[in-house]
Every structure is written in C-alpha cells, then in structure tokens.
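So the structure is just underneath, and the comments pick up after that.
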C-alpha cells in the first residue's frame with residue numbers, strides 16, 4: 001500500500017513538473033507574441049493555455065482520487081493539498097500569459113509595446129520565462145535553498161512593474177490611451193505571473209523544511 | 001462519528017458564510033472609498049482584507065484537520081476540497097477589493113474616478129457588493145437555482161468593464177495617463193471580483209446537483 005501511495009505521489013509530482021514546463025512554453029510564446037506583434041505565436045500561446053487548464057483539472061481529479069483511496073494524514077496530506085494549490089497557481093499562470101498574448105492579438109498589425117517601454121517588457125518577459133523554468137526545475141528537485149532563491153527573484157519583476165508606471169505617469173509619456181491601457185494590463189499580468197511563482201516556491205519550502213510541524217496535531 | 005463529521009461540515013459552511021459576509025463589507029468600503037476619495041474608509045477596507053486573509057487561512061487549516069481525522073470519500077471529500085477552493089476565491093476577492101481601496105488612497109486628495117466614468121463605476125461597485133452578499137446567502141442556503149441565477153449576473157459586470165475601455169479608447173477621452181491607469185486597473189479588479197463569484201456559484205451548483213457522478217469511482 002505504501003509503495004502504491006509513493007508511486008501515486010510521484011505521478012502527482014511528474015504532472016506538476018509537466019504543467020510547469022508547459023507554462024514556461026506558454027509564457028515564452030506570449031512574450032514573443034507581445035514583443036514582436038506575432039499573431040500566429042499569440043494563437044499558439046492561447047491554445048496551449050486552454051490545454052494547460054485541462055491538464056490542471058485532470059491533475060486535481062487525480063489528487064482527489066488519491067485522497068479518497070489512501071486517506072493520507074500529516075505530511076502526505078499536506079503534500080496533496082499543496083498540489084491542488086500549486087495546480088491552481090500553474091493554471092492561473094497559463095491564463096495570465098494567454099492574456100498577454102491576447103493583447104498582442106488585439107493590437108495587430110500595430111504593436112502594443114511603445115518603444116519607450118520595449119526594454120522593460122523584454123526584461124520582464126525574460127524574467128517570467130526564467131522563473132517558470134525554475135519552478136519546473138524546483139518541482140523536480142524540491143531543493144529548499146533553490147526555492148528560497150526563486151522567492152527572492154520576483155523582486156526585480158516588481159521593480160520593473162513600478163518602472164512601467166513611472167514611465168507612463170512621467171512627463172515624457174506622449175502615447176495615446178490605448179498604449180496606456182495595454183501596458184498597464186500587460187505589466188500587471190507579468191507581475192501576477194511572478195507572484196504565483198513565489199507562492200509555489202513558498203509551498204515547496206514549507207513542505208520540504210517541515211515548517212508546518214506546529215499544526216501537525218491532526 | 002458521522003454526527004461529529006456533520007457538525008464539522010457545518011462549521012466549515014458557517015465559516016465560509018462569515019468570510020463571504022466580510023468580503024461584502026470590504027467591497028462596500030472599497031467602493032465607497034474609491035467613489036468618494038475617502039481615505040479613512042479605504043484604510044478600513046485594507047485592514048479588513050488582511051483579517052480576511054487570516055480567516056481564510058484558518059479555515060484551510062480546519063479543512064485539513066477534518067480531512068486527516070475523518071478520511072472522507074466521495075461527496076464529503078469533494079465538499080471539503082471545494083471549500084478549500086472557495087476559501088481561496090474569497091481571500092482573493094478581499095485582496096481585489098483592497099486593491100481598489102489602495103487606488104483611492106494613492107490619489108487622495110484627488111479622485112481616481114473621472115466624471116465621465118462615475119456612473120459606470122457606481123454601478124460596477126454596487127453590482128460587486130450585491131454579488132458578494134448573494135454569495136454569502138448562497139453559501140447558507142446552497143440553492144441550485146439561486147446559484148445559477150448568480151452565475152448569469154456577472155454578465156453585466158463584464159459589459160461595464162468593456163464600457164470602461166470604450167470610454168477610455170474613445171475620441172472624447174481627454175484625461176491624463178494617471179486616470180487611464182487607475183480606471184484600467186480598477187475596472188479589472190471589479191471584473192475579477194465578479195469572476196470569483198461565478199467560480200464559487202459553479203462549485204455550489206456542482207456539489208448540489210451531483211454533476212460529478214462520472215468521476216465518483218474513487
């Protein structure tokens with residue numbers, strides 16, 4: 001029974017890794033679509049995000065079946081509950097990337113990115129892609145030091161998010177309201193994407209260090 | 001044992017209702033703060049959202065303890081997993097309302113709401129408050145017809161969200177970039193708030209109608 005359960009936990013872990021890898025692909029395509037006004041790539045990102053949602057739902061079903069069959073307690077139970085939350089975060093990350101791709105789609109053949117913010121969004125996109133790849137790696141190795149490192153890395157995304165507002169609200173901003181709306185939302189989506197990375201990394205730290213012992217009187 | 005379990009499920013339900021009621025209060029204060037540039041009320045909304053987050057976390061802990069002690073299966077298990085998700089949605093709704101209050105705080109003593117969009121935001125705020133109150137009621141009565149009715153009601157919020165963009169991107173929009181940023185984000189927060197209402201209502205429908213029978217081979 002214990003061996004079956006361990007195999008099931010590995011299956012959950014493998015699927016989380018797979019979903020995280022697909023989220024990294026979706027963000028790569030979304031960022032390309034946004035920066036290059038590439039509609040075909042935007043459509044790929046949007047379609048992959050839909051597939052990603054279904055993968056997350058299927059994973060949730062698997063977790064619920066394991067909960068029912070194995071009636072886990074203590075740490076095993078917390079791993080499975082955390083898996084449900086990580087799956088929700090990964091699903092949301094795919095949706096946020098898909099929103100970024102949708103902005104590019106709406107503005108085509110124009111660009112949604114004004115030149116004054118191009119570098120900022122290039123860095124933001126690259127960071128989000130890197131963070132998504134690192135989350136996939138973290139879900140594989142569950143290394144607590146790596147988890148803490150990732151948690152610190154969203155600070156730069158937050159800084160870039162604030163930079164977007166500094167530019168938009170500065171005296172030199174001469175773009176029309178459409179650009180203002182697009183960069184406001186795109187920046188928000190990039191920032192929320194990184195927030196979810198932090199949430200997932202915190203959950204891995206928490207499960208790995210057993211910092212939840214005080215609540216383990218279940 | 002069954003009676004203990006039923007009492008525990010009622011406790012979960014009562015806490016969900018209590019959190020939903022507090023979310024309605026937070027949105028009421030956030031909308032007032034936003035429309036009237038009322039900093040004291042904005043601060044109340046922000047403080048209540050923090051308390052709300054703690055209530056949601058405490059509820060999650062309770063659900064995990066029940067899962068560990070009772071090892072529920074089938075419908076009971078699904079109710080508890082859904083409670084975790086509804087708690088996450090309610091926590092997020094409080095955070096979104098708090099973001100709306102924060103916009104008002106940043107712009108004080110000025111207003112974040114241009115006159116051309118005042119009526120739109122008044123209606124959006126009123127709808128979000130109404131939806132939050134209805135969700136609290138729904139979590140009490142778990143009436144499936146009521147759940148379906150609520151699910152349809154976010155359509156008007158979506159319409160108002162689109163209206164905001166029509167105004168901002170229209171020829172008559174003469175406001176500066178600060179207003180454009182504020183109303184873009186505020187509208188997005190109002191719309192996401194209503195999305196979570198739909199999510200919670202769908203979960204109640206699903207649990208009440210047993211539309212998940214096909215997956216009940218657990």
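The values are calculated or read from the model by the stated rules, or taken from the named source; none is laboratory data. Remember, it's a predicted structure, so these values are computed and weren't measured experimentally. Note that each Cβ is placed from the backbone with ideal geometry, even for glycine, and that neighbours are counted across all protein chains shown.
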message: Pairs please, first residue from the stretch B:14-43 and on the phi > 0 side of the Ramachandran plot and touching a residue at least 24 places away in the same chain (Cβ under 8 Å), second anywhere and assigned to a helix (DSSP H, G or I) and buried (at least 20 other Cβ atoms within 10 Å of the Cβ), Cβ atoms under 7 Å, 6+ apart in sequence or on different chains.
response: B:37/B:104
field: Sole exception among (1) within 11 Å of chain A (Cβ to nearest Cβ); (2) more than 13 Å from residue B:12 (Cβ to Cβ) for residue B:93, by number
entry: (1)
message: Pull out all pairs, ordered by first then second residue, where Cβ-Cβ is under 6 Å, the residues are six or more apart or on different chains, the first lies in the stretch B:187-212 and is within 23 Å of residue B:121 (Cα to Cα), and the second is at pLDDT below 95 and crowded, with 21+ Cβ neighbours inside 10 Å.
response: B:194/B:154; B:198/B:154
message: Let me spell it out: the conditions are (1) within 13 Å of another protein chain (Cβ to nearest Cβ); (2) within 22 Å of residue A:157 (Cα to Cα); (3) touching a residue at least 40 places away in the same chain (Cβ under 8 Å), and residue A:88 meets all of them except one. Which number is the exception?
response: (3)
- request: Identify all residues within the stretch A:174-187 that are facing chain B (nearest Cβ under 7 Å) and within 14 Å of residue B:178 (Cβ to Cβ); write none if there are none.
  value: A:177, A:180, A:181, A:184
- line: Residues of the stretch B:121-151 being assigned to a helix (DSSP H, G or I), touching a residue at least 60 places away in the same chain (Cβ under 8 Å) and over 18 Å from residue B:25 (Cβ atoms), in sequence order, are B:121, B:122, B:144, B:147
query: Just to be sure, is residue B:44 within 9 Å of chain A (Cβ to nearest Cβ) and at pLDDT 95 or above?
result: no
task: Hey, can you tell me all the residues within the stretch A:61-90 that are over 20 Å from residue A:142 (Cα atoms) and part of a helix (DSSP H, G or I)?
output: A:61, A:62, A:64, A:65, A:66, A:67, A:68, A:69, A:70
- prompt: Out of all the residues in the stretch B:152-173, which are assigned to a loop (DSSP other than H, G, I, E, B) and either touching a residue at least 40 places away in the same chain (Cβ under 8 Å) or closer than 16 Å to residue B:196 by Cβ (or both)?
  reply: B:172, B:173
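Yes or no, residue by residue, for (1) at positive phi; (2) modelled with pLDDT of 95 or more; (3) surrounded by 15 or more Cβ atoms within 10 Å (Cβ to Cβ):
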residue	(1), (2), (3)
B:146	no, yes, yes
B:155	no, yes, no
B:167	no, yes, yes
B:184	no, yes, yes
B:190	no, yes, yes
B:200	no, yes, yes
B:207	no, no, yes
B:210	yes, no, no
message: Given the condition within 25 Å of residue B:26 (Cβ to Cβ) and within 14 Å of chain A (Cβ to nearest Cβ), answer yes or no: does some residue in the stretch B:201-214 qualify?
response: yes
- request: Output the residues belonging to the stretch B:56-67 that are surrounded by fewer than 21 Cβ atoms within 10 Å (Cβ to Cβ) and either more than 10 Å from chain A (Cβ to nearest Cβ) or within 13 Å of the chain's Cα centre (by Cα) (or both).
  value: B:57, B:58, B:62
query: Would a scan of the stretch A:68-86 turn up a residue that is crowded, with 21+ Cβ neighbours inside 10 Å, within 17 Å of residue B:82 (Cα to Cα) and within 12 Å of the chain's Cα centre (by Cα)?
result: yes
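Is it fair to say residue B:171 is farther than 23 Å from residue A:89 by Cα, surrounded by fewer than 17 Cβ atoms within 10 Å (Cβ to Cβ) and within 11 Å of chain A (Cβ to nearest Cβ)?
Taking the combined requirement at face value, the residue satisfies it.
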